[in-house]
Structure formats: structure tokens, C-alpha cells
Amino acid sequence: MPLAANHRDDATSDEIKSRFKPKDVLYVIFFSHLLSQLFINNEWHESCSGRKIPVYNPATGKLLSEVEEADPVKVESARVALQLGSPWRSMVASNRGQLLTKLADLVERDWLLLATLEGLDSGKVFLMAYFVDLMATIKTLRYYCGWAHKIHGKTTPVGECYINMLIPHNVCVPFGLQWNFPVMMFAWKIAPALCLVALCFCVQAGFPPGGVNVVPGYGQTAGCAISHHMDIDKIAFTGSTAVSICWETYPESNLKRVTLELGRKNPNIVFADCDLEQAHSGLFFNQGQCCLAGSRVFVEEPIYEEFVHRSVEKARSKVLGNPLLQGVDQGPQIDQKQFDKIMDLIESEKNKRATLECEGSACGQQGLFIQPTVFSNVTDSMRIAKEEIFGPVQQIMCFRSIHEVIQRANATYYGLAAGVFTIDKALTVSSALQAGMVWGEYAIQEYAEVKAVTIEIKRKNS
């Protein structure tokens, strides 16, 4: 597995300077320290406890920044600020759309800066952060700009006037903004809420004081305070299935609305009539740290050997290294805990029934790099076929019939996403798979509830 030359954290190297102006590098350093405090009511705050959350560059292991850790006291401060954020809640819908447009403009203005921060913080390859994460963020914000003044209700003509109104939840908390797509996940959660006038704990972007707040913290402190608070109406959580159990039980105190995006062991079903080049290219995307990646690959028997061969070639062609350098295909895993988990799962299947086709080891003298790994002859009962890996590990399994593969694909605790590669079987298989997500207009409904209003209208004879 090739390791990129000059694997180092050197912001003045020729490779990096070719991408930035000098001021951009200074902005990156400045922002990594500035954006480390709590943001409440349009002001920067330190935590009451003095505790901080360390943030490391996974490509080097060096400390990048320390973020103030929010505690229950600061959660309450943010909640008070949210409820005083009436200028945003009472704002004309078209004006809210204009503010979302402004937010999208600001993200687009600082496109390069934000992509660089994503690379430093998450180990994401620069070009992917630039063309995938930031582009999707901008498109998401602009999409929901248009929805701000298109939230409709219904009337029922049965004598009196019955109106069904879509009313936003007052205080919404996007909790668990994922480390694999931080900026994009921020946009996914904040945009539909803001177009409905719901108030969110998220990064401030020019909105009225108190409307948007940032309170980073751990689940057992800030998270627990948020989930038990009687004045917080809605939680949107992205994270592990194990943690999600808490989000289902804690909010029982006041029947909060909860939206969950959880773990995955997504099946990718590859039929013999598919485009092989397209089918085997997705798993190693973002170091395998993608909730939509197909981590259980079912390949139809006639093309099984060819698919394995191409997957090995693809894996061995990947260049690992500093994600900000040109020519790098794959950066590091996010942190030591995730690195150790992936390596443990790889080691658990070595020299066992599964065939290790390539690599399966760490790479480099520094940083959390794992070489793209391919296992063939994997069975459904193996750990790597059942447990979420969230790393560059491909498991390839063989199937013979549609009925068989549908049963095996659905035999999992997860149901986040699935993929089908075929010319003429996609509709048949997709309708039978127990997986799926909610997008677009339907996401808005998760931040609102229907209120029925009855109005008695007196009519005069004409």
C-alpha cells in the first residue's frame, strides 16, 4: 500500500501552499482556537467547570485545539437564550429564507477555509471535503431557503372552518453532529428546523441573539441535561444504536419528539448484470467512515471472483497520507478508539474462515492510518459481517438467488440504507429491503407538529 511522500503536518509545504493564500493558513490557525468556546446568546463563553475537550489532528496525533465542555448550567443558559429568541420565531417567513440564503453565501465565501478545517479536524481528504462536504452543505442550505415560506396547512369544509396548521417545535436540539461529516451534518439538522422558525443549538450565523447556540459536551453531562429538560421539545440525534436507547428513554419525562439516525451494516447487492466499476468503488469512501457505505457486499455467484479481484486492485491502489496533500486518496481514522476497534475486528477474522485478500494492518509511523482491507468468503455469522466497523474494511459474500439475498440482507439489527447494483432488478429488490432514510420536504415534518384549529364563521344571507 503506497504511503504518500512527505507525510507531515507542515502548513508551509509547497504542496499545501499551492492551494492556499498565506492568509488562509492564518485563518485556519485562528479559527481552530476561536471556535473553541461555547456560543450562547451571540456571545462567547467559557465553561463553568473549566473542563475542556481535546481535539487532535488524526494525521499526526498532535493537539489541534481544546473545546470548552458544556455542563448543565450552560445548557440552561442556552435554553433561556433560546426562549428569549422571539425576533427569530416571529420573523416573516420570507425573511427567514433570506437569512438562510445569507448563511449559504457565508459558507460559500469561506469554502476553502471550512474544507481545510474539515481536513485538519477529521482527517478527511481535502478534495473530498471541498467538493463533497462543503458543496452538499451549501446545496442543503439553499434547498431549505425555498421552503421557509412554503409551509402549508389544510382546511376541512364541514360547516365551521377546521384548519390544520404545521407548527414548529419551540426548542430543537440537533445532538450528535457526527465527526465524519461535521459541516454537512450541521446543515442537515439546522436547515429544516430554521426554515420552520424552530430554535436550535448550533453554530451562529447572523441570526437574532439567542436563536442559535452552541453547547458542545459529553452525553452524561450536557446530553443528559438536554434530554431531561422540560422546556426542550425536540431532539435530533445521530450516533450509535447503543446510545440511542438513552434518547428513547430519557425524553419520557416530557414526551419529547426524537429523530434518530443510527448505526449501519448496510447491504450492497451486486447482480451479475451490473456495472462492476461502479459497484466496487464506494466502501473506501471517507476512510470507510460513512454511515451510508455498503459494508456487507453481496455479489452474485457468476461475477464473484472477478469482483473480488477488482476490489483488491482498488484497495491496493489507494495512496494514504496527510489529507491536505495532493495525490492522497485516504486519510487517517478519526481517533485512537476507532482505530483500535477497526484493528480488533480485522484481527478477529485473520487466519479464520474468511480469506484476507489484501492488507489488514496499520500504516505509517505516525497518525491513525489503516490500509484498505478486503475479506472474501465471508459468512453471515462472522463478526465482520454483523458488527459495525466504520472503517476501510470490505467484506464480500456470495449469493445465488434474489430470494436468498433479500433474506440475508434484511437479517440485521440495522436499517439505515442499502444499495442495489443491477440493470432491471432494482425496483423489485428495493421494495423488499427493510432500510431507508427520509429526505427533502419530509425532513421538515420532523421539526413540527400538526395543530388543529376550529373557527366558527358567521355567515350572512346574500
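The values are calculated or read from the model by the stated rules, or taken from the named source; none is laboratory data. Keep in mind that this is a model prediction, so the values were computed, not measured. Every residue, glycine among them, receives a Cβ derived from its backbone with ideal geometry; neighbour counts consider all protein chains shown.
Structure notes:
- In this entry, L356 is excluded by the filter for residues that are of a type outside the set (D, E), in a loop (DSSP other than H, G, I, E, B) and in contact with a helix residue (DSSP H, G or I) (Cβ under 9 Å, 6 or more places away or on another chain).
- Filter result for K102 (in a helix (DSSP H, G or I) and surrounded by fewer than 20 Cβ atoms within 10 Å (Cβ to Cβ)): yes
- Look at the range 54-73: where a residue is hydroxyl-bearing (S, T, Y) and outside any strand (DSSP E or B) and a partner is buried (at least 19 other Cβ atoms within 10 Å of the Cβ) and modelled with pLDDT of 85 or more, sitting 6+ places away or on another chain with Cβ atoms under 7 Å, you get T60/G367.
- Residue among F31, F20, F39 that is more than 21 Å from Q220 (Cα to Cα), of a type in the set (F, W, Y) and either modelled with pLDDT of 70 or more or part of a helix (DSSP H, G or I) (or both): F31
- In the set (1) in a helix (DSSP H, G or I); (2) at pLDDT 90 or above, E347 fails one condition alone, (2).
- Checked against (1) surrounded by fewer than 16 Cβ atoms within 10 Å (Cβ to Cβ); (2) in a loop (DSSP other than H, G, I, E, B); (3) at pLDDT 75 or above, A417 meets all criteria but (1).
- Long-range neighbours under 6 Å by Cβ, at least six apart or interchain, first residue over 13 Å from L345 (Cα atoms) and aromatic (F, W, Y) within the range 367-391, second at pLDDT 85 or above and part of a loop (DSSP other than H, G, I, E, B): F369/P332
- Among the residues of the range 420-447, the ones that are at pLDDT below 75 and among the aliphatic types (A, V, I, L, M) come to 4 in all.
- Residue match in the range 294-310 (condition: of a type outside the set (F, W, Y), surrounded by fewer than 17 Cβ atoms within 10 Å (Cβ to Cβ) and assigned to a loop (DSSP other than H, G, I, E, B)): no
- Scanning the range 387-413 for residues that are surrounded by 20 or more Cβ atoms within 10 Å (Cβ to Cβ), assigned to a loop (DSSP other than H, G, I, E, B) and hydrophobic (A, V, I, L, M, F, W, C) yields I389, F390.
- Among the residues listed as S65, S77, the single one being crowded, with 16+ Cβ neighbours inside 10 Å and in contact with a Pro (Cβ under 9 Å, 6 or more places away or on another chain): S65
- Here I384 meets each of (1) modelled with pLDDT under 85; (2) under 23 Å from N180 (Cα atoms) with one exception, condition (1).
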